[in-house]
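Q: Sharing a structure below in structure tokens format, with a few things to ask.
Rule-based calculations on the coordinates, nothing more; no lab input. In this text, all values refer to a predicted model and were calculated from it rather than measured experimentally. So basically every Cβ, Gly included, is an ideal-geometry build from the backbone, and we count neighbours across all protein chains shown.
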């Protein structure tokens with residue numbers, strides 16, 4: 001039996017077929033100007049038609065989210081909080097909750113309702129999660145001031161931590177590598193992180209974003225690429 005692992009980004013779908021610890025297949029699809037409106041939906045349908053599936057794991061990196069302390073239970077205003085950060089359609093999006101006990105936070109996030117129902121119709125055990133929660137579980141932190149950056153295709157997640165305390169989490173589009181570099185420098189100044197005392201850790205699509213990394217190296221003193229995405233290995237961060 002095999003597991004289907006789905007990663008949704010703003011304009012993309014990546015998936016892996018796994019059998020135990022072995023990746024049998026991996027595919028990636030991203031919208032372009034020429035893509036039809038239901039392009040991602042169509043590729044999801046094909047992925048769900050894979051045979052001999054046991055379970056489905058869904059990771060959403062779509063940047064419709066709100067971060068709250070663990071235990072916050074005003075679920076009735078979850079959509080409203082998300083709408084402060086992103087334009088949402090309550091009729092077409094499903095409200096979800098992902099809890100990270102390691103850092104005592106939780107994410108309200110939305111997932112396209114049409115795709116949610118399509119996945120549930122498969123009648124298989126399904127595990128939904130938000131990429132920010134998965135990212136937090138994967139990283140290793142120390143007592144230093146740290147910036148962790150997870151790069152996707154034209155998108156990234158950004159974590160600022162001081163010790164085990166989360167200072168900032170954001171999930172944003174990368175339309176320009178120069179603009180993203182400016183955003184990082186501006187954010188450092190706002191949260192009081194000095195460039196010389198801050199340690200940067202980068203994950204994900206590092207080869208695709210090599211220009212950004214080269215520019216970042218010119219400004220920061222401590223930079224480590226933790227891993228680059230490798231075919232059939234790291235693109236969903238294990």
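Q: Using Cα atoms only, what is the angle between the long axis of helix 177-191 and the major principal axis of the chain, expressed in degrees (0 to 90) to the nearest 10?
A: Between the helix axis and the principal axis of the chain, the angle is about 60 degrees.
Q: Another question, then. So which residue, out of 133, 157, 121, gets the largest mean-square fluctuation from a GNM of the chain using Cα contacts under 10 Å as springs?
A: In this elastic network of the chain, the residue with the biggest mean-square fluctuation among 133, 157, 121 is 121.
Q: Can you tell which of 32, 207, 68 shows the greatest fluctuation in a Gaussian network model of the chain with Cα springs below 10 Å?
A: Answer for the Gaussian network model of the chain: 32.
Q: I would also like to ask the following. Of 198, 206, 90, which is the most mobile in a GNM of the chain whose springs link Cα atoms less than 10 angstrom apart?
A: 90
Q: Working out 0.36 nm times the residue gap between residue 176 and residue 1, then minus their Cα-Cα distance, what length gain in nm do you get to one decimal?
A: Residue separation times 0.36 nm, minus the Cα-Cα distance, leaves 58.8 nm.
Q: Here's another thing I want to ask about it. State the extension gain, in nm to one decimal, for the chain segment bounded by residue 22 and residue 162, taking 0.36 nm per residue of separation less the distance between their alpha-carbons.
A: Full-extension gain reported as 46.8 nm.
Q: When N is the residue count of the range 117-238, what does its C-alpha Rg come to as a fraction of 2.2 N^0.38 Å?
A: Expressed relative to 2.2 N^0.38 Å, the Cα Rg reads 1.14.
Q: Which value at 222 nm does the chain reach when only helices count, each DSSP H run of 4 or more adding -39,500 (n - 2.57), with the total divided by all residues and rounded to the nearest 500 deg cm²/dmol?
A: -6500 deg cm²/dmol
Q: Okay, next question. Mind giving me the FRET efficiency for residue 84 and residue 221? R0 is 25 Å, r the Cβ-Cβ distance, nearest 0.05 is fine. Intermediate values should be presented prior to the final figure.
A: Working: r = 35 Å, r/R0 = 1.40.
FRET efficiency, residue 84 to residue 221: 0.10.
Q: Send over the Kirkwood Rh of the range 1-121, from the inverse of the averaged 1/r over different Cα pairs, rounded to one decimal Å.
A: 15.7 Å is the Kirkwood radius here.
Q: Assuming R0 = 30 Å, can you tell me the calculated FRET efficiency for the pair residue 77 and residue 137, based on Cβ-Cβ distance, to the nearest 0.05?
A: Computed FRET efficiency for residue 77 and residue 137: 0.70.
Q: Related question: Of 186, 219, how do they rank once you tally other Cβ atoms within 10 Å and put the fewest first?
A: By the 10 Å Cβ count, ascending: 186, 219.
Q: Right, here's the next one. What ranking do 116, 15, 108 get, fewest neighbouring Cβ atoms within 10 angstrom at the top?
A: 116, 108, 15
Q: Against the longest alpha carbon principal axis of the chain, how many degrees, from 0 to 90 and to the nearest 10, is the axis of helix 39-48 turned?
A: Tilt relative to the chain: about 60 degrees.
Q: Right, something else. By per-residue mean of other Cβ atoms within 10 Å, what is the highest-first order of 40-47, 16-23?
A: The densest-packed peptide leads the list: 40-47, 16-23.
Q: Treating each Cα of the chain as an identical point scatterer and ignoring solvent, apply the Debye formula and state log10 I(q)/I(0) at q = 0.08, 0.17 Å⁻¹.
A: -0.31, -1.40
Q: Also, I was wondering about something else. Sort 79, 185 so that the residue with the fewest other Cβ atoms within 10 Å of its own Cβ comes first and the one with the most comes last.
A: Lowest to highest Cβ neighbour count: 185, 79.
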